[in-house]
1. Name the one entry in A:Asn69, A:Asn84, A:Asn40 that is at pLDDT 95 or above, assigned to a helix (DSSP H, G or I) and more than 13 Å from the chain's Cα centre (by Cα).
2. In region A:47-55, is there at least one residue being within 14 Å of another protein chain (Cβ to nearest Cβ) and within 25 Å of B:Thr347 (Cβ to Cβ)?
3. Out of the residues in region B:157-202 that are open to solvent by less than 40 Å² (accessible area, probe 1.4 Å) and of a type in the set (Lys, Arg), which is nearest to the other protein chains (Cβ to nearest Cβ)?
4. When region B:289-339 is examined, which residues are found to be surrounded by fewer than 21 Cβ atoms within 10 Å (Cβ to Cβ), within 14 Å of another protein chain (Cβ to nearest Cβ) and not in a strand (DSSP E or B)?
5. Please count how many residues of region B:20-36 are free of Cβ contacts under 8 Å to residues at least 40 places away in the same chain and closer than 13 Å to B:Val67 by Cα.
6. Checking B:Thr116 against (1) open to solvent by 30 Å² or more (accessible area, probe 1.4 Å); (2) of a type in the set (Val, Ile, Thr); (3) free of Cβ contacts under 8 Å to residues at least 40 places away in the same chain, which single condition isn't satisfied?
7. Show me the helices (runs of 4 or more DSSP H) found entirely inside region B:1-51 where at least 3 residues are of a type outside the set (Phe, Trp, Tyr) and closer than 19 Å to B:Ile379 by Cα.
8. Condition (residue is within 16 Å of ligand 1 (Cβ to nearest atom) and touching an Asp or Glu at 6+ places or on another chain (Cβ under 6 Å)) applied to region B:81-95: is it met by at least one residue?
Amino acid sequence: MNSAVLPDEFNALMPFIAWALPTERERTIKRLASSMDELNGFYAAAMARLEAIVAFLDREPLEQMSDKNKPLMHLMLSLVEISNIVELYKRLDKFDGMHPSRFVSSE
Amino acid sequence: MKTIMTNKRWAEKYPALGTGPIETESCISPDYFERERELIFRRCWLNVGRVDEIPERGQYFVRELAVCRTSILVMRGKDSQIRAFHNVCSHRGNKLVPHERGACPGKLMCGFHFWTFDTEGKLSWVPDEENFFGLDKSKLGLTPVRIGIWEGFIFVNLDADGTQSLEDYLSGVATQLKGAPFGELARLRTYKVDERANWKVAIDAQNEVYHLPFQHRFTFPDAFILKDNKYTRLYDVNLYERHCVWSCEYNPDFKISPLGALLGQLDATKNAVRLNQMIGDFDFFLVFPNMVILLFKAPKADYMVTYNFWPLAVDHTIWEIRYYYPPADNTGTRLAQEYALCRLRDTLQEDAKAHEAIHAGLASRAKREIQLQDDEICIRFFHKVVEDHAGVAETLR
Ligand code: FES
Ligand SMILES: [Fe+2]
């Protein structure tokens, strides 16, 4: 279970907290296990707050991001992770590549 | 637009390469693969890492060079110099370092009988030495491997009798990329892909952009300039002895995605690394035999991706992909890098599936040769260089 919480300002994104995943591998696994509706829902909610979140996180240096802000960063990395499906493929069955699990990632 | 749209201009620039089809037996013949092992991989300079993997004295990494049937230890000595050795103990031949990387406090100890070597590869201690028969420890250091370092890339050469320097071997690549600030880039991620394909089949599939509007119709159909808004055209091609580079010009009409556009605005990096040595907006340097350096111009800072294709067998290859960006100094930049990374990653997954499908097709021997268009000239060149080293494959009947 993901026990992460988000800063109060971004409480509205709590329904998507399961996307606050620190590694690419976890984000990819969750992407592959999601329906198109779930991806579209998360994309819309996260895109709407992206600019505010970047401004919020950039109040401290990237290298020294406090642990309480990291889930927010991981949420945005998940937005990036799913964006190709939502923006380019628009459907789950269009991608015609090697299974992502065979791209063994260093993170 | 700088790109010239004329048809068949590369055959005109490099007429000696010809225009005919290319044989495929060299990609599927186990005998030919053995020739490549001896005449290419055991003779040529091979990129095995970068100096920034071992910045501190005593740090080392091990590279399993299955294609050369050896394991290589690359270590920065106490004197700060980087050396390469066969990862084989001088006592009875045990593998000295059984793990992938580490740092030694001044000595490396073999796990079998604890023979001990210093960071310069010299044998420093033998347990119960008095019970041996006139051991000359000074002659029993690790077996060195020729090593060369170019712009931070570490290369080794298994040909102990070879005399050509790395710089000389790299010829035009070294000249073109001289002084490129690769050291200012940091590795963001590595992928290792275990593929059922010949190493050349995998390289060939990456070694052109003709396929972009088709295979990558969702991910990158229009990244590069198109003739009649339909077909890619290379901006430039340069052949350097055994290496080559092709370059593309970005398409000003590229349809950027909403997230890509937003992150482009939010990318506030002050770390504007510029690779002024580039030829086009995108350069693909194929460093013979198995390394590719891809350089990308980008609005805020340029970046690099490298490929290393390591054959395990005629039909089995490990494709290593490494992404290098200027270290991110703000959230927008970090996300923009992840965006570029994921978009290319998905494209490469499309490529990787094709590597296996193409290999299976060639292995069926339904086709004995493949057809190349003018913009696929670097595939033609690469196969010619392979033939120059390993000879012409005998076609089975
Ligand atoms: S084989 Fe290494 S110490 Fe004996
Ligand atoms: Fe491709």
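The values are calculated or read from the model by the stated rules, or taken from the named source; none is laboratory data. In this text the structure is predicted, and so the values were computed from the model without any measurement. Here the Cβ positions follow ideal geometry from the backbone for every residue, glycine too, while neighbour counts run over all protein chains shown. Keep in mind that these areas ignore ligands, DNA and RNA; they rest on the heavy atoms of the full protein, side chains included. Shrake-Rupley method; radii C 1.70, N 1.55, O 1.52, S 1.80 Å.
1. On the way: A:Asn84 fails: more than 13 Å from the chain's Cα centre (by Cα); A:Asn40 fails: more than 13 Å from the chain's Cα centre (by Cα).
Selected residue: A:Asn69, the only one of A:Asn69, A:Asn84, A:Asn40 that is at pLDDT 95 or above, assigned to a helix (DSSP H, G or I) and more than 13 Å from the chain's Cα centre (by Cα).
2. Taking region A:47-55 as the starting set, the residues that turn out to be within 14 Å of another protein chain (Cβ to nearest Cβ) are A:47-55.
From what's left, within 25 Å of B:Thr347 (Cβ to Cβ): A:47, A:50.
Yes; the residues of region A:47-55 include at least one that is within 14 Å of another protein chain (Cβ to nearest Cβ) and within 25 Å of B:Thr347 (Cβ to Cβ).
3. Filtering first and then ranking leaves B:Arg189.
4. Correct list: B:Pro327, B:Asp329, B:Asn330.
5. The qualifying residues number 1.
6. Of everything listed in (1) open to solvent by 30 Å² or more (accessible area, probe 1.4 Å); (2) of a type in the set (Val, Ile, Thr); (3) free of Cβ contacts under 8 Å to residues at least 40 places away in the same chain, B:Thr116 misses just condition (1).
7. Values: elements: B:9-13, B:25-28, B:30-36.
Filter on region B:1-51 gives B:9-13, B:25-28.
8. Initially, region B:81-95 is screened for residues within 16 Å of ligand 1 (Cβ to nearest atom), giving B:85-95.
The next check asks that each one be touching an Asp or Glu at 6+ places or on another chain (Cβ under 6 Å); those that pass are none.
No - not one qualifying residue is present in region B:81-95.
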